[in-house]
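Have a look at the structure below before the remarks.
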Amino acid sequence: MKIRKLALGAAAALFTLTGLAACGGTTDLSCDEEQEYQLAREAEPVRSPDDLDELDEFRRLPLPEAAPRPPREKGSPCLDLPPSILAEDDDEG
């Protein structure tokens, strides 16, 4: 009986610690460092060998320039994170 209580207590402690570890994490999330996709650059157009017909330049998909945006502040959270919701104090009363 004593071993069973000990095993049950160890299992409960393990379950609790696992649950707490799953909820933990860093709160210092920012997107200041460049991501891999941001390092992409436009490549040279594909050239056909001399013994083949030229490629039709009108079938090329032009990529529009991105609309300019003001730079984000350093340390601002990533755009793919939900906004923080803070409860406002109700001072009326």
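The values are calculated or read from the model by the stated rules, or taken from the named source; none is laboratory data. None of the values given here were measured: they were computed from a predicted structure. For neighbour counting, all protein chains shown are included, and Cβ atoms are generated from backbone atoms with ideal geometry for every residue, glycine included.
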(request) Say whether the condition of being surrounded by fewer than 10 Cβ atoms within 10 Å (Cβ to Cβ) and either part of a loop (DSSP other than H, G, I, E, B) or modelled with pLDDT of 80 or more (or both) is met by at least one residue in segment 5-18. (result) yes
(request) Check whether at least one residue in segment 56-64 is surrounded by 10 or more Cβ atoms within 10 Å (Cβ to Cβ) and either modelled with pLDDT of 75 or more or part of a helix (DSSP H, G or I) (or both), and report yes or no. (result) yes
